[in-house]
Amino acid sequence: MSSTPIYDFVKQISDSTISRFFMPGHKGRHPFDPFFQDVSRYDITEIEGADVLAQAEGIIGESEELAATLFGSRATLYSTQGSTLGIQAMVSLISGRGDTVIAGRNAHMAFYNACLLLRINVRWVLPSHTDPYGICGAVTPDQVERALCDCPKAAAVYLTSPDYLGNTADINAIAGVCKKHGVPLCCDNAHGAYLTLGETHPIKQGAAVCCDSAHKTLPVLTGGAYLHLGENCPWTKQDAKERMALFSSSSPSYLILASLDLANRYLAEEAPRGYERLRGEMMEMRRLMKQKGIACLDNQADYAKLTIDAGRTGWDGLELAAKLRQSGIEPEYANPYYVVLMATPFLTQRDWNRLSEALKKITPGRPITWEDTPYCLPEAVMPAFQAARLPWESVPADLAVGRVSAQTVAACPPGVPVVTAGERIHEQIKNICKKSGNFTLKVLK
Ligand SMILES: Cc1ncc(COP(=O)(O)O)c(C=O)c1O
């Protein structure tokens, strides 16, 4: 049986009668709630024997090594602050190699924010768009090749795959392009931790470094994530730990660490069967939908995601999501064009029955032809980090067209900005901002 050193330690403390003259203040108890009473017993801090996340040489180091073996990485580091912390660490590592990074525009705002903080200039590559919000798609190897030829001083290439709709890039081919140009490929694989069970995880495909939100697709508490270093990674585990520590709390959650630790056992033992079963269930669901005339994206590489193409089904995505809610289904995300359902082996037969019943109640209509034109990348007037430090004013969105944005505007989820500080707002961007409820925009004076 795969070992679980963090969980074992936390459990041992929980079962013991030691007097907790250490943090947290709850001392393993809760004043009135029985659920939190149980949880609090496991919630400890970095006491003797508990190791230190920033210099993991004891139980945390041991568990991270186990995770590295499971993921096939040179090193795996735990985060209790989501992929966001891994992204901050990746951008910080990149900043040591230069001041410009080539990145797919479908990046999460954690990346934008890190570049802004660390004064990194971003050369955007617009993925083949899949919706007029401009938020999703896949960057191609050719696009990366061209971007690297245009910008030979780029410090790294940064890609998001899978994205919020389940689009995946050809990481293997892109890793080859990056290798040829001598730059590391950094991946945001927040949505794809479970891909390690096959061959498509970015680390197996040649990425130098990548982050996974374990909490999104594995049985891990919210906040649990990994930063993996690949075989060809130019940075050491020590480099990465130091960069993570720059942005981390010095009080990591042991509840999250213990759940990451238990995920190792799950990955080693039950997960291969569980996710194979899930793949079958998802295929069956797709078959059912096809039969019923409900269109979905062909994102089978990210098979745990079912992305309903609401427009092609003749529905507005927000109305479709409301209809699913009436049947007791809460989707992960919906916009006017798509509804995203995320599944893992932890859904029950009742959940699957409920979904198939709910889908049966949906009557497809005539496909909606959206008037929107494909998202058009705004003109970059200055780097975001520069614009974010200049005087600004708030104006009604209609009056912001032609002005330079002083802020990043992103609906979350999916957290992909439509405009960043330093970019000129054009008509379409103004319209998208208004559609997502931003009627006032900050622009440079
Ligand atoms: C593509 C992508 N990257 C990064 C993040 C941030 O991940 P986390 O919530 O684990 O910090 C998200 C969150 O939804 C995301 O969708």
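Values quoted throughout were computed directly from the atomic coordinates according to the rules given, and no laboratory measurement underlies them. Source: prediction; values computed, not measured. Here Cβ is always computed from backbone atoms with ideal geometry, including for glycine, and neighbour counts include all displayed protein chains.
So here's what we get for this one:
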{"quantity": "Long-range amide H partners of Thr140 with built H, under 5 Å", "calculated": "Ser128"}
{"quantity": "Charge dipole magnitude, Cβ of K and R +1, D and E -1 - the chain, Cα centre, debye nearest 20", "calculated": "920"}
{"quantity": "Cα-based radius of gyration of the chain once divided by 2.2 N^0.38 Å, which approximates compact folds", "calculated": "1.01"}
{"quantity": "³J(HN,Hα), Karplus 6.51/-1.76/1.60, whole Hz, each residue of region 179-191, x for Gly, Pro", "calculated": "4, 4, 8, x, 10, x, 9, 10, 10, 8, 10, 3, 8"}
{"quantity": "Relative contact order of region 227-360, pairs being alpha-carbon contacts under 8 Å that are 6 or more residues apart, as %", "calculated": "18"}
{"quantity": "Label-to-label distance, nm, for residues given as Glu330 and Phe346 (7 Å Cα→Cβ offset)", "calculated": "1.3"}
{"quantity": "Efficiency of FRET between Asp298 and Thr17 - r from beta-carbon atoms, R0 56 angstrom, step 0.05", "calculated": "0.45"}
{"quantity": "Where no second cysteine Cβ lies under 4.7 Å, the cysteines concerned in the chain", "calculated": "Cys115, Cys136, Cys149, Cys151, Cys178, Cys186, Cys211, Cys233, Cys296, Cys376, Cys412, Cys433"}
{"quantity": "Förster radius 30 Å - calculated FRET efficiency between Thr236 and Ala268 (Cβ-Cβ, nearest 0.05)", "calculated": "0.70"}
{"quantity": "Karplus 3J(HN,Hα) series, Hz, for region 429-436 with 6.51 cos²θ - 1.76 cosθ + 1.60 (x for Gly, Pro)", "calculated": "5, 4, 5, 5, 4, 5, 4, 9"}
{"quantity": "In nm, spacing of pseudo-spin labels at Asn172 and Lys290 (7 Å Cα→C-beta vector)", "calculated": "2.3"}
{"quantity": "Cut-off under 5 Å, modelled amide H: who pairs with Ala334 long-range", "calculated": "Val340"}
{"quantity": "Residue-by-residue Karplus 3J(HN,Hα) for region 105-121, coefficients 6.51, -1.76, 1.60, Hz, glycine and proline x", "calculated": "5, 7, 6, 6, 5, 4, 5, 4, 5, 5, 5, 5, 5, 9, 6, 9, 8"}
{"quantity": "Distance between region 65-142 and region 385-445 - C-alpha centres, whole angstrom", "calculated": "22"}
{"quantity": "Interchain or long-range residues, amide H under 5 Å from Ala156's placed H", "calculated": "Ile102"}
{"quantity": "Lys153-Phe32 pseudo-label distance in nm [points 7 Å out on the Cα-to-Cβ vector]", "calculated": "6.2"}
